[in-house]
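The values are calculated or read from the model by the stated rules, or taken from the named source; none is laboratory data. Note that the coordinates shown come from a computational prediction; the quantities given were computed from them, not determined experimentally. As a convention, Cβ positions derive from the backbone with ideal geometry for all residues, glycine included, and neighbour counts pool all protein chains shown. In case anyone asks, the SASA skips ligands and DNA or RNA and just uses the protein heavy atoms, side chains included. Shrake-Rupley method; radii C 1.70, N 1.55, O 1.52, S 1.80 Å.
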Amino acid sequence: MLDLGRLRALHAVAVHGSVGAAATALGYTPSAVSQQIAKLERETRTTLLERSGRGVRLTDEARQLSDTAQQLMSLVEEAEVRLEERRGLPAGRLTIGCFPSAARGLMPRALAGLARRHPELDARLSEVDPHLSVDLVARGVIDLAVAHDWDIAPLPVPPGVEQAVIGDDRCDVLVPREHPLAARESVRREDLTRERWITQPPGTVCHDWLMRTLRATGCEPLIAHQAEENHTQVALVAAGLGVALVPRLGRGALPPEVTPVRLDPVPTRRLRALWRTGAARRPAITETVRTLQELWPEVASVA
């Protein structure tokens, strides 16, 4: 009989593209994942992974087995949901994917509160880009995603995935203290067309929003520096290397060399929780979403 844990390891490699990435997602070491797949190869008498340059690729047999593994994990999830629903209390493992600033500014308090109230719940957090997290939920790789989108760049949600709004996060334009705009109470998009911008890399939600917004003024934005972490962007602004549009959530206290200026109209990003329809009745899901929604007003006021 095939071992579900080994099938899960193979499925993770198929989804994440490498043994190392699969290990990170599962919370194992790469060696442990490799051992699981090696045992599965012996059980099935089939080659599942082949060397491809520095990485590996799945054989056709492995991809077929991975599809079957996803179906089996869906059945297991349904059984777990029914059992947890009968008990009426959040329990078991809950894997959560969350974008970095929420992982820093929102999730620590939420997870700590869940751990105190529900010791039977084993919630595990991973940082994931919003675009990727929705797909991971749909595929059953993670149970819950905390993602965000913007008014002009809505987050696509596939069939079979449900969502709930957590709250809205406001953003400010950060400028060096000696910048001419630092003395302004507010600025408009048209005032920023000639600035040197510090932003996230292409393909991220924040980068796409900035490009679309500034291009709407008829000007191509000048991207001087790219950094994934908001704290890195703040440091670059403090050094006088450009301006940045940075959300308040998880930003922390600004250094004296940086001045926040309100952008009019104020840009906001909406935080959402997403989960599979099949797990909607699971108490671990409903309690976690409720906790995030109740915590948000306090977190937003502090930010």
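Measuring from label point to label point, each 7 Å out along Cα→Cβ, what is the LEU254 to GLU120 span in nm?
4.7 nm
Which whole-number value in Å² is the accessible area per residue of the chain, probe 1.4 Å?
Working: 15240 Å² over 303 residues.
That works out to 50 Å² for each residue.
Hey, with R₀ at 25 Å, roughly what FRET efficiency would VAL76 and GLU228 work out to, going by the Cβ-Cβ distance, to 0.05?
Numbers: r = 34 Å, r/R0 = 1.38.
E between VAL76 and GLU228, to the nearest 0.05, is 0.15.
Mind pulling the angle between the C-alpha long axis of helix 4-16 and the longest principal axis of the chain? Nearest 10 degrees, somewhere in 0 to 90.
Compared with the principal axis, the helix lies near 30 degrees.
Using a 1.4 Å probe on the protein heavy atoms, what percent of the accessible area of the chain belongs to carbon and sulfur?
Numbers: 7570 of 15240 Å².
Roughly 50 percent of what the probe reaches on the chain is carbon or sulfur.
Would you mind counting up the charge near GLY105? Only other residues with Cβ under 10 Å from its Cβ, with Lys and Arg at +1 and Asp and Glu at -1.
With Lys, Arg at +1 and Asp, Glu at -1, the net is +3.
What is the calculated FRET efficiency for ASP67 to GLU298, with r their C-beta to C-beta distance and R₀ = 41 Å, to the nearest 0.05? If you can, show how the numbers build up before the last one.
Details: r = 44 Å, r/R0 = 1.07.
So the FRET efficiency works out to roughly 0.40.
Residues with beta-carbon under 14 Å from that of ARG189, excluding ARG189: net charge, scoring Lys, Arg +1 and Asp, Glu -1?
Numbers: positive: ARG184, ARG188, ARG194, ARG212, ARG215, ARG262; negative: ASP151, ASP172, GLU190, ASP191, GLU195, GLU220, ASP264.
Counting the neighbours of ARG189, the net charge comes to -1.
Can you give the accessible area of GLU228 in Å² (nearest 10), computed on protein heavy atoms with a 1.4 Å probe?
Estimated to the nearest 10 Å², GLU228 gives 140 Å².
What length, rounded to one decimal in nm, is gained on full extension from GLU185 through to THR268, with 0.36 nm per residue of separation minus their alpha-carbon distance?
Details: separation 83, 0.36 × 83 = 29.88 nm, distance 1.80 nm.
Residue separation times 0.36 nm, minus the Cα-Cα distance, leaves 28.1 nm.
To the nearest 20 debye, what charge dipole does region 44-111 have about its Cα centre, counting +1 at the Cβ of each Lys and Arg and -1 at the Cβ of each Asp and Glu? Spell out each step's value before the answer.
Details: 11 positive and 9 negative charges, 82 e Å.
Using only the charged Cβ atoms, the result is roughly 400 debye.
Which order do the peptides 102-111, 158-167, 122-131 come out in when sorted by mean C-beta neighbours inside 10 angstrom, highest first?
Details: 102-111: 19.8, 158-167: 14.4, 122-131: 17.7.
In decreasing order of mean packing, 102-111, 158-167, 122-131 become 102-111, 122-131, 158-167.
Which one of ALA79, VAL266, SER186 is farthest out on the positive end of the charge dipole of the chain, using unit charges on Cβ (Lys, Arg +1; Asp, Glu -1) and the Cα centre as origin?
Farthest towards the positive end: ALA79.
How far, in nm, would the chain grow between THR29 and ALA239 when pulled straight, counting 0.36 nm per residue and subtracting the alpha carbon separation? List each step's numbers first, then the result.
On the way: separation 210, 0.36 × 210 = 75.60 nm, distance 3.89 nm.
Value of the extension gain: 71.7 nm.
Any idea what the relative contact order of the chain is, in percent, if you count C-alpha pairs under 8 Å spaced at least 6 apart? Before the final figure, lay out the partial values.
Values: 528 pairs, mean separation 66.9, N = 303.
Worked out over the chain, it gives 22 percent.
Give the calculated FRET efficiency between ALA112 and ALA21 to the nearest 0.05, with a Förster radius of 35 Å applied to their Cβ-Cβ distance. Mind dumping the intermediate values first?
Working: r = 28 Å, r/R0 = 0.79.
E(calc), rounded to 0.05, equals 0.80.
How much length would be gained if the chain were fully extended between THR44 and GLU127, taking 0.36 nm per residue of separation minus their Cα-Cα distance, in nm to one decimal?
26.5 nm
Give the long-range amide H neighbours of THR95: residues separated by 5 or more places, or on another chain, with amide H under 5 Å away, using H modelled in the peptide plane at 1.01 Å from N.
Those lying under 5 Å, H to H, from THR95 are ARG124, ASP143, LEU144.
Local charge sum around LEU49 (other residues, Cβ-Cβ under 10 Å, Lys/Arg +1, Asp/Glu -1)? Walk me through the numbers on the way to the answer.
On the way: positive: ARG51, ARG57; negative: GLU41, GLU50.
Spelling it out: positives minus negatives among the neighbours equals 0.
For the chain, with only Lys/Arg (+1) and Asp/Glu (-1) charged at the beta-carbon, what is the dipole magnitude about the Cα centre, in debye rounded to 20?
On the way: 38 positive and 38 negative charges, 69 e Å.
Once rounded to the nearest 20, the dipole reads 340 debye.
Run lengths n ≥ 4 of DSSP H only: what is the helix-derived mean residue ellipticity at 222 nm for the chain, with -39500 (n - 2.57) per run over all residues, to the nearest 500? List each step's numbers first, then the result.
Numbers: 10 runs with 131 residues, N = 303.
When only DSSP H runs of four or more count, the value is -13500 deg cm²/dmol.
Please check which bits of region 235-251 a label hung off GLU178 would reach, taking the label as a point 7 Å along Cα-to-C-beta and the cut-off as backbone N under 19 Å.
Within reach of a label on GLU178: 235-244.
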